[in-house]
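Supplied in structure tokens, the structure appears directly below.
Nothing in this text is a laboratory measurement; each read-out follows from the coordinates by a stated rule. These numbers were taken from a predicted model, which means no experiment stands behind them. Neighbour counts are summed over all protein chains in view; Cβ atoms, including those assigned to glycine, are modelled from backbone coordinates with ideal geometry.
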Amino acid sequence: MKPVRMSYKLLRYSGLPFLFREVLFRKGVRIIMFHDPGPEAMDRILEYLKERYTIITLDDFLSGRPTPPKALIITLDDGHKGNAALVPVFREHGVRPTIFLCAGLLDTKRHYWFLHEPVHGRAESLKSLPNKERLSQLASMGFDPEKEYEDRHALNAEEIRMMKEVVDLGSHGLLHPCLPTCTDQEAWNEIVASKELLEQHHGIRVNTFAFPNGDYCARDLDLVREAGYIAALTVDYGFNEPGTDPFRLKRLSVDDSGDLDALSVKVSGVWTLFRVVMGKQRISRLVNKVAQVPEHGSASTRAQGI
Ligand SMILES: [Zn+2]
């Protein structure tokens, strides 16, 4: 068993997820983030979560009405075409998630830059570059953000029409750059123009925004307010409560795999807290020590998408 998976199992049965869920953060509202889980994984995930948490909608929380104990909100980022296959699962479980769409990819055959084949695996090093430099490096790898490729990455208009009955939709920008790397005009396009495109061209009611990669700066917070959104979601660590700034809602990134050990540890907030408190390097050393494998053998703890 890989060291990280072994750590999930040890932590799951350590009692910490139970302590976080039932005692320490019983009143907190957890928002969790997936990307492109398959229907079988999502079925397993929802079965697990419904036994332990009360799943509410993002709108429920934003309405200001009192939330139940152990409230949990499900979100999915990017608008991957695979999300359409989740509709029967959400319907069967009576769960209404929010999916954040990249408006510039919706109903096109454009590719997510970080999943395009020559780029995939090298995205991490490109994320923090100034946007112009990132685009220039992507071009040198043969990637064109506006090209219509053979295969489709994102949901199309027909799928969105079908999904609107079962899911809520928000904006994840146009083409998924990390906003703090953008110029003012680029950030305006991502935040303001994406809302207009979704509402006017696709007829989607949009009042929430999810920052790509969870990254934002003071300018981006001003833009989401000015654009008329009522809330924005980050990947800042923690749990939400009625007084939480609605433009900096906290979220926990969760694996798409449906591995219940990882799910238990991540949704409870235990894993991220460990990472925040201990730092990635130290946790990697700890994981390897527990598993008694050489340090260079550690598996990645990164989320599967951005
Ligand atoms: Zn994303």
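Rank the residues Trp271, Trp188 as a footprinting-exposure proxy: fewest other Cβ atoms within 10 Å of their Cβ go first.
With the fewest neighbours first, Trp271, Trp188 line up as Trp188, Trp271.
Output the antiparallel fraction of DSSP beta bridges having both residues in the chain, as a percent to the nearest 5.
Bridges in the chain are about 10 percent antiparallel.
Return the single residue from Arg225, Arg251, Arg110 with maximal mean-square fluctuation; model: Gaussian network over the chain, springs between Cα atoms under 10 Å.
Arg225
Taking the number of other C-beta atoms within 10 Å as the exposure measure, put Ser264, Ser136, Ser253 in order starting with the fewest.
With the sparsest Cβ surroundings first, the list reads Ser136, Ser253, Ser264.
What number of lysine-lysine pairs in the stretch 27-267 show an alpha-carbon separation below 12 angstrom, given a sequence spacing of 8 or more or placement on distinct chains?
4
Using a Debye calculation, one point per C-alpha and no hydration shell, please list log10 I(q)/I(0) for the stretch 1-81 at q = 0.18, 0.23, 0.26 Å⁻¹ in order.
For the stretch 1-81, the Cα-only Debye profile gives -0.94, -1.23, -1.28.
For the chain, I need the span (max minus min coordinate) of the C-alpha atoms along each principal axis, in Å, sorted largest to smallest.
Between the extreme Cα coordinates on each principal axis of the chain lie 49, 47, 37 Å.
How much mean residue ellipticity at 222 nm does the chain get from its helices, if each DSSP H run of length 4 or more adds -39500 (n - 2.57) and you divide by all residues, to the nearest 500 deg cm²/dmol?
It lands at -9000 deg cm²/dmol.
Identify which of Tyr229, Tyr237, Tyr149 has the largest mean-square fluctuation in a Gaussian network model of the chain, with springs joining Cα atoms closer than 10 Å.
Of the options given, Tyr149 has the highest mean-square fluctuation.
Need the list of aspartates and glutamates near Lys9 for cross-linking: C-alpha distance under 20 angstrom, and skip anything on the same chain fewer than eight residues off.
Glu22, Glu47, Glu51, Asp255, Asp256, Asp259, Asp261, Glu295
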